[in-house]
1. Could you please give the count of residues in the stretch 301-331 that are closer than 26 Å to ALA549 by Cα, assigned to a helix (DSSP H, G or I) and open to solvent by 10 Å² or more (accessible area, probe 1.4 Å)?
2. For the structure I just gave you, tell me whether THR560 is in contact with a Gly (Cβ under 9 Å, 6 or more places away or on another chain) and either more than 30 Å from GLY238 (Cβ to Cβ) or open to solvent by less than 10 Å² (accessible area, probe 1.4 Å) (or both).
3. Looking for something under 30 Å from GLU132 (Cα atoms) and either open to solvent by 10 Å² or more (accessible area, probe 1.4 Å) or of a type in the set (D, E, K, R) (or both) - is there at least one such residue anywhere in the stretch 228-238?
4. In the stretch 655-681, how many are modelled with pLDDT of 90 or more and either under 26 Å from TRP472 (Cα atoms) or of a type in the set (D, E, K, R) (or both)?
5. Is at least one residue of the stretch 278-293 within 28 Å of LEU496 (Cα to Cα), of a type outside the set (S, T, N, Q) and in a helix (DSSP H, G or I)?
6. Would you mind stating whether ALA175 is among the aliphatic types (A, V, I, L, M), closer than 22 Å to ILE41 by Cα and surrounded by 17 or more Cβ atoms within 10 Å (Cβ to Cβ)?
7. Given the criterion touching a residue at least 12 places away in the same chain (Cβ under 8 Å), surrounded by 12 or more Cβ atoms within 10 Å (Cβ to Cβ) and under 28 Å from SER357 (Cβ atoms), identify the matching residue among ILE648, ILE657.
8. Starting from residues that are part of a loop (DSSP other than H, G, I, E, B) and closer than 14 Å to GLY393 by Cα, keep the ones in the stretch 354-373 and report whichever is least open to solvent (accessible area, probe 1.4 Å).
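The values are calculated or read from the model by the stated rules, or taken from the named source; none is laboratory data. A quick note: this is a predicted structure, and the numbers were derived from the prediction, not measured. Cβ placement follows ideal geometry from the backbone for every residue including glycine, while neighbour counts extend to all protein chains displayed. In case anyone asks, the SASA skips ligands and DNA or RNA and just uses the protein heavy atoms, side chains included. Shrake-Rupley method; radii C 1.70, N 1.55, O 1.52, S 1.80 Å.
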Amino acid sequence: MPKAKVNGVEVEFEPGMNVLQVAELAGEEIPRFCYHERLSIAGNCRMCLVEVKPGPPKPQASCALPAAEGMEIFTDTPMVRKARHGVMEFLLINHPLDCPICDQGGECDLQDQAMAYGRDDSRYAENKRAVEEKYMGPLIKTVMTRCIQCTRCVRFITEVAGVPEIGMINRGEDAEIVTYLGKAVQSELSANVIDLCPVGALTHKPWAFNYRPWELRKTETVDVMDALGSAIRVDARGPAVLRILPRVNDDINEEWISDKTRYVVDGLSRQRLDRPYVREGGKLRPATWAEALDVVAQKVKAVAPDRVGVIAGDLQDAESMKAAMDLFASLGVKNLDCRQDGMALGEGPRESWLMNSTIAGIEEADAILLIGTNPRLEAPVFNARLRKRWLAGALRVGVIGEAADLTYAYDHLGTGPADLSKLARSKSEFVKAFKEAKNPAVIVGAGALARPDGLAVLRAAADVAKSFGAAWNVLHTAASRVGGLDMGFVPGEGGLAAPAMVQPGALDVLVLLGADEIDARQSDAFVVYVGTHGDAGAHRADVILPGAAYTEKNGLYVNTEGRVQQGLRSVFPKGEAREDWAIFRALSERLGATLPYDDLDQLRAKLFADHPTFGQIDYVPTGAERSLDLAALGAKGELSDAPFASPITAFHLTNPIARASVTMAECAALASSSAAKIAAE
């Protein structure tokens with residue numbers, strides 16, 4: 001490996017690294033505004049100036065200068081200090097004195113670096129430049145007079161998000177950042193530009209003037225808005241969650257999160273269920289916990305076990321599902337299901353429902369076939385990773401399903417099962433590339449498996465993967481799905497699946513554990529809803545038992561690649577609400593089947609003992625440890641002519657928390673109006 005000296009200290013570096021990266025290897029901090037590790041190099045802020053020998057006797061931008069063997073780098077010479085002070089003085093010439101009212105205050109790169117490289121006075125006497133504000137949608141608040149033209153937002157939205165709707169116009173003093181035609185940014189990842197902005201030019205519109213960062217209590221946890229399990233930080237003040245920001249996790253979300261993950265916070269405090277309710281005379285009335293639990297216990301005791309069913313929703317933690325499964329299985333209930341969409345997976349080895357390539361490992365694939373999935377809506381951060389691989393020129397993508405805008409080019413091979421079954425005989429260019437690929441992968445989505453012919457589609461997809469020697473991957477949309485399948489929260493022998501449970505006359509008692517995406521209105525059973533929001537499940541319920549949202553409890557979640565992650569409580573449940581597992585523990589006493597655990601640690605000990613994979617926190621099996629017989633997946637059957645369709649039609653309104661959010665409602669309205677205009681054109 002080549003070597004260079006940084007302030008007299010010799011360091012080894014990998015070929016292709018720039019001077020800034022080499023300096024950081026030596027432990028030297030280089031100030032920067034435009035440079036970012038995950039974006040292309042712009043070299044336009046000039047804050048990262050250093051002195052380099054051999055080279056011209058002038059400071060050079062370290063971010064845009066490749067490091068070379070034998071190079072000597074100096075980061076703190078009089079020349080460098082003078083140059084950085086000069087750059088900072090120019091940056092502050094037109095910058096307004098907004099720090100006392102700026103939402104970026106306390107987290108501003110410009111503030112921090114001005115402390116180190118700024119002057120204590122200004123030599124500029126002319127009028128400051130002012131720039132008109134720009135409309136970027138309901139999420140991004142702009143104060144463009146603060147902008148220093150670092151172009152981080154332009155590069156992110158173009159390169160990572162793949163929706164080139166932000167750019168720079170004009171030159172010199174007239175240069176400014178704009179959206180094309182003054183329209184809102186139409187990307188599911190748009191608000192990441194706010195994290196990237198080093199000044200207060202782009203801030204969070206829904207959270208404007210609501211907090212100062214030093215007021216907030218920070219909790220590192222995981223996201224449940226999709227099955228990716230992105231690393232997030234929940235910031236709260238008192239009993240309220242005020243914001244959600246991304247954390248760096250290169251194995252999952254790098255440092256990006258979707259707009260839904262970020263701005264769903266106002267839904268955590270709206271339309272909340274904060275006390276038990278019992279329906280009398282067709283109307284729900286408030287009740288005590290003892291009264292509500294007694295009503296449920298009496299109903300369950302009065303019917304046979306085969307007339308009782310439990311459906312777990314998409315946002316549930318493993319502990320709540322385990323407690324529900326232990327309780328009702330001990331009563332002889334076999335109607336248990338965590339697949340409220342009717343997905344065909346659930347039997348067979350664990351690898352059959354996992355993303356076996358892993359989220360980070362998918363970047364090793366050189367050909368990918370997407371079957372019945374739209375990753376841009378189902379997992380936007382994962383879709384950005386696919387685009388990253390495609391931009392490198394090393395990935396070819398084929399799609400059987402909807403012809404959606406995925407932000408990268410692909411071969412559209414068909415729309416439904418018929419096209420899937422005849423793929424191996426096709427002579428298309430993609431099939432040829434798929435056969436010749438070194439690391440081919442198949443990614444199957446809920447749009448292919450959550451259908452009446454799901455088992456037959458599963459068999460057809462597995463046959464394709466086997467015939468091409470491709471890695472088998474499933475992209476789930478529900479944060480609770482893999483955890484539920486891992487613990488066997490599926491119907492026992494003779495038990496009913498979720499869609500059958502809600503049919504008229506199927507059951508006498510139906511327990512909805514946060515299950516709001518299944519239509520239970522047709523069921524004539526006695527419905528018990530355990531959940532957080534006054535959504536579809538609560539509207540149909542005869543008894544409501546208020547639970548805790550994901551920010552209000554400690555819980556384990558298993559993402560689509562099988563990685564077990566721990567969510568931590570940021571605030572306490574609202575009002576009289578309780579953690580879900582504790583509700584079933586209290587109910588078990590009234591049913592005479594007391595669960596053998598009294599606290600979360602005991603519950604987890606039972607969970608780990610019964611299902612050892614849950615004890616492997618943050619662990620994902622490698623390819624060598626996976627063995628899957630693709631020929632055993634699914635079952636032969638008649639394939640429907642219906643085309644594959646993604647289960648997500650309104651990205652911003654996929655769960656009760658999102659539907660309670662005013663911000664998500666605004667985003668959904670904007671998205672639907674934009675789609676209508678495009679259709680009209």
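1. Step one: list which residues in the stretch 301-331 are closer than 26 Å to ALA549 by Cα, which gives 308-329.
Subsequent filtering for residues that are assigned to a helix (DSSP H, G or I) retains 318-329.
After this cut, where a residue has to be open to solvent by 10 Å² or more (accessible area, probe 1.4 Å) as well, the list is 325-326, 329.
Total satisfying the criteria: 3.
2. Details: in contact with a Gly (Cβ under 9 Å, 6 or more places away or on another chain): yes; either more than 30 Å from GLY238 (Cβ to Cβ) or open to solvent by less than 10 Å² (accessible area, probe 1.4 Å) (or both): yes.
Yes.
3. At the first step, the residues of the stretch 228-238 found to be under 30 Å from GLU132 (Cα atoms) are none.
The answer is no, given that none of the residues of the stretch 228-238 is under 30 Å from GLU132 (Cα atoms) and either open to solvent by 10 Å² or more (accessible area, probe 1.4 Å) or of a type in the set (D, E, K, R) (or both).
4. 2
5. Yes, because at least one residue in the stretch 278-293 is within 28 Å of LEU496 (Cα to Cα), of a type outside the set (S, T, N, Q) and in a helix (DSSP H, G or I).
6. Values: among the aliphatic types (A, V, I, L, M): yes; closer than 22 Å to ILE41 by Cα: yes; surrounded by 17 or more Cβ atoms within 10 Å (Cβ to Cβ): no.
So ALA175 does not fit the description; no.
7. Numbers: ILE657 fails: under 28 Å from SER357 (Cβ atoms).
From the options ILE648, ILE657, the qualifying one is ILE648.
8. Taking the stretch 354-373 as the starting set, the residues that turn out to be part of a loop (DSSP other than H, G, I, E, B) are 354-360, 365-366, 372-373.
Add one more test, that the residue is closer than 14 Å to GLY393 by Cα, and what stays is 365-366.
Working: ALA365: 6, ASP366: 43 Å².
In this case the residue turns out to be ALA365.
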